[in-house]
Structures are given as structure tokens and as C-alpha cells.
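Peer 1: I'd like to ask some things about the structure below.
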Amino acid sequence: MEKMNQYIVGVVGMYLFAVIFLYSMVGKRRNREPRAINGDGETIKRSVNGDECQSEKIGDTDVIIVGAGVAGAALAHTLAKDGRKVHVIERDLSESDRIVGELLQPGGYLKLIELGIQDCVNEIDAQKVYGYAVYKDGRNTRLSYPLENFHPDEEDFTTVVLFNACDKRLLLFQKNGTVKGVQYKTENGEELTANAPLTIVCDGCSSNLRRFLCKPKVDVPSCFVGLVLNCQLPYANHGHVILADPSPILFYPISSTEVRCLVDVPGTKVPSIANGEMAHYLKFVVAPQIPPELYDAFIAAIDKGNIRTMQNRSMQAAPQPTPGALLMGDAFNMRHPLTGGGMTVALSDIVVLRNLLRPLGDLNDASGLCKYLESFYTLRKPVASTINTLAGALYKVFSASPDEARKEMRQACFEYLSLGGVCSTGPVSLLSGLNPRPLSLVGHFFAVAVYGVGRLVLPYPSPRRIWIGVRVITGASGIIFPIIKAEGVRQMFFPVEQGASTINVLACALYK
């Protein structure tokens, strides 16, 4: 078996998951009482032409999955391979033309292999990515993924059941406080209900379902402006990060001839594309900070005019345990996409959930299953919290600031990564999902801060430099500790102790 660095870790068009998994349609349907709950948790009835809506006869379906994106499609395949009868509801089966699902970290690729779906990256001109190059003030350093010790194994494929839902406002059906399924509208306008003992919402666009199942607090720290460049990167098969002003710029390959550029713009608004403000901003503010090797291709992409924008959303996982239902993917947890960790978290969550459900033969004990699956929210924390915290902290450190302490922290981070050895492989292993250890993250983060203090006070300290050094430490604490608090200190650092008793007791009861 070749080493991990022979496998594809840069993935273009991951939304082809849906095409790979979802066109083998087999299954029967069954009737249930149509009773729905809206985004405010109110119980309502729906009808078509004055009559009650019809219920689908879908046989003994075990799990309904809302959303066939990366998380939903991978989860559907995984559960079906374990013998579950899976019913997938997706609003749009066309290939999405959005700036999403373009980079998969090595840790996420290992999860693909663990789930047996690594073939989804084949035949789509996916590019191998071996690490990053970081640029600042005319200098650059290359950081490689530590892949030497990873030797993945392979598994097989299976099929699932798919239905196309045209209604954007899906409704959960409940009875006596337990979610029983989903109501949706077909292409011909017919309103139907799908029923199963467990409904998993993976679609981040289903805001009405998400509001009922959790208490989301969505932050939008910035927006990405996306361009496609026809060029080759200075470091082949590497992502490139430019520590620009006011915030980072990313480049990474999305095919053998194309490179994606993402320009981060702080805040929720971006310059207007229609009136030419965006082109002016990119040419006269951003372009002078682009490496010379990429400048001409960057200008050509602006002139071509195919400029896209997207909001960078961050949402802490705030579950509200509900019998018969579970949240996953972007419906549940988001982080700044600077580090490209979204798919890694989603695939890791699927592995955790699969392992929890495997010993359960029957999912119909809704209240017992709900208590049992509370351990999912804890056991996912080491991977999810490490990647979430790193994404939020790095974005703040990599962004420019007029504050002297923040400037020193930014410069210290660049120079710390440039030292090589554990100073580069440690942070990169965290970013790539290969080392999901929160303590390691905290250790490296404060090592950067201490390194920054050393730069200030050596060889001849002055009162001003000492004061800035103190502010570097306090500023670093002010960045990372609020993120850790939001993630949950106990769940993040002691997940096994908190989740073990629940798993042992309830798994035995549900299995019987």
C-alpha cells in the first residue's frame, strides 16, 4: 500500500457525492398521520386542494436524511452500508455552482477511507495537495503535511434511496413531542410525508428545521470574493496563504489548469460587482499584495468578470436534544473556512455517529435513543473543537490590525511557522485534521505568543517592548479562550469521561 501522500487530498466538486450515491432508488412507502411543526415549534396541518396531505408508503425506513450535500450523501451511504434503510430528501440535484467543497484536508480524506467512499475523488480532475505556502511582506515559507506515518486501507460501496423535494420550507412531523418524519413537496407540487424513527438534518439551508432542533447563533466575520485563475502556483500542489491587509488571501488548485483565489473581505458587505467597485477594489487594493508570479493571472481573472461572493459563517454547535431527530453538517456547526476544515469535521462526525448506531438493532425507542445520542455531541468534540478553534483563532491572528500587540502576534506566527521542525509540522497537523488534540492546539498557540515576546525583549528589553509583550500574551488569551469557552471546556478536553457512562448504559438497553 502506498503512503498517504500518494492519495488525493485536494478535492474539487465534492458535491459529486450526491451523483455517486443517490441514483439507485429502491424502497416501499408507508402511511403516517400528517402533523408538522414549523420553525417556531408550533404544530400545524398541511393540505392540498382542501384535503389532508398524503403520506408516503416507504416501508420500514430507519433513517430520513434531509440534505444530500457532502455530509448528507456520505452519511446516507454509510448507514445504508450498515444495513439501514435510508430515505434522502434533497431540494436540488443539480451540481451547485458555489464556492464550497473544494478543499479536503488529509484528516478528512482519512475519514473518507474509513467510511469506504474515497473513490468519490476519482475522475474529477482532483489535485493532490501536500501542504501550504505562507507569504508575508515579500517573504514566504513552505509547510508540508506530516503524512509519513499514514497507511490507509480501502473499503466498498453500496446504494441508498433518494427523493427530490422542491419545497424549500421542509416541515418536521411530530407526535407527543417526538419527531416522526418530514413533510415536503415533490416536483409536481404534491405534498407528501416521509416517516422514520430517526430524522437527521444535514442541510444548512433548512433554517426552519435548524431553529427547532437547536439554538443557533450565526456570526458572519467576513466574506470571500472568489475568482478562478488560469495559471500554475509557485509551489505546485500547495495551498497558498497571503497575509495581506486587511485580511488573508487564499490560492489553491481546483483542477490541472485552474486555481481558486479567495479574497477575504472583513464584515458582511462587499464592494458592488455591478457598478465596478469590486473590480476597482481588487485591482488597486488587493492586486499590489499578490505575489508577482500570480499578478497577471489575477488581473486577467478580474477582467474576465466571473466574480463570486459568499458569506463566511461561523456557528457554534448548540444542540437541543429532540427525540427522533439529530442535526449534522452545516445545519449544526460551522467555522470560518480559512482552514478548509468543514468537510473534515462533517466526515469525522459521520464516523462517530456510525459507530454509535452500529450496535443498535432497533431505533424505535425515541426517548432512549435521544439520550444515547447526546453522547454524539460530546464524542465529536476533540476533532470538531480543534478545527473550529484553530479556524477562528488563525483568522484573527492572520488579519491585519493597527494594534502593536496584534502586529507582533501576526509576525511571530509567520516566523514560528518558518522555524520548521515541530514548529511547522505541529500546527499543520492540527490544521489538516491529522492531530485533533485540543491541548496540542493550545500549546502551539501560546508557544507563538511566547516566541513573539522573545522577539520583543531580546537581546535588549525596554519598558515599551516589555509592555507590548505583556499585551501579546493577554491578546492571545483574549483570542483563544472565548472560542474554547464557546466550544465547551469539559466536552473539548475531557470528552471520553463525560460520554462513556451514557454510552455503556443506554447502548445495552437499546441493543436489547
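The values are calculated or read from the model by the stated rules, or taken from the named source; none is laboratory data. Remember, it's a predicted structure, so these values are computed and weren't measured experimentally. Backbone-built Cβ (ideal geometry, glycine too); neighbour counts: all protein chains shown. Each accessible area value is taken on the protein alone, full model and side chains, heavy atoms only, with ligands, DNA and RNA left out. Shrake-Rupley method; radii C 1.70, N 1.55, O 1.52, S 1.80 Å.
Peer 1: With respect to the cross-link table entries 371/485; 81/381; 81/111; 128/396; 111/371; 381/485, which display a Cα-Cα separation exceeding 18 Å? Walk me through the numbers on the way to the answer.
Peer 2: Values: 371/485 24 Å; 81/381 25 Å; 81/111 15 Å; 128/396 28 Å; 111/371 26 Å; 381/485 13 Å.
Cα-Cα > 18 Å for 371/485; 81/381; 128/396; 111/371; rest within.
Peer 1: I've got another one for you. Give the residue list of trypsin sites (Lys or Arg not before Pro) in segment 239-310 that are DSSP loop and have at most 15 other beta-carbon atoms within 10 angstrom. All intermediate terms of the calculation are to be shown ahead of the outcome.
Peer 2: Details: sites: 260, 269, 283, 304, 308; in loops: 269.
The qualifying sites are 269.
Peer 1: In square angstrom, what is the accessible area per residue of segment 179-323 with a 1.4 angstrom probe?
Peer 2: Working: 5870 Å² over 145 residues.
Per residue, segment 179-323 has an accessible area of 41 Å².
Peer 1: Moving to a separate point now. For residue 403 and residue 466 in one chain, what is 0.36 nm times their gap in residues minus the Cα-Cα distance, to one decimal in nm? Walk me through the numbers before you get to the answer.
Peer 2: Working: separation 63, 0.36 × 63 = 22.68 nm, distance 1.52 nm.
Once the chain is fully extended between residue 403 and residue 466, it gains 21.2 nm.
Peer 1: Once the piece of chain linking residue 272 and residue 178 is laid out straight, how much longer is it, given 0.36 nm per residue of separation minus the C-alpha distance between them?
Peer 2: Working: separation 94, 0.36 × 94 = 33.84 nm, distance 4.62 nm.
Fully extending the segment from residue 272 to residue 178 adds 29.2 nm.
Peer 1: Report the rotationally averaged projected area of segment 208-359 based on its alpha-carbon convex hull, in square nanometres. Intermediate values should be presented prior to the final figure.
Peer 2: Details: hull surface 45.5 nm².
Quarter of the Cα hull surface area: 11.4 nm².
Peer 1: Enter the accessible area per residue of segment 374-429 (Å², integer; probe 1.4 Å; all protein chains in place).
Peer 2: 29
Peer 1: With Kirkwood's inverse mean 1/r over C-alpha pairs for Rh, give me the Rg to Rh ratio of segment 271-322, two decimals please. If you can, show how the numbers build up before the last one.
Peer 2: Values: Rg = 17.0 Å, Rh = 13.4 Å.
On the Cα set of segment 271-322, Rg over Rh gives 1.26.
Peer 1: Same structure, new question: Got a number for the accessible area of residue 418? Probe 1.4 Å, square angstrom, nearest 10.
Peer 2: 40
Peer 1: So, in nm, how far is label residue 124 from label residue 219 when the simple model puts each one 7 Å beyond its Cα toward the Cβ?
Peer 2: It works out to 3.0 nm between the two label points.
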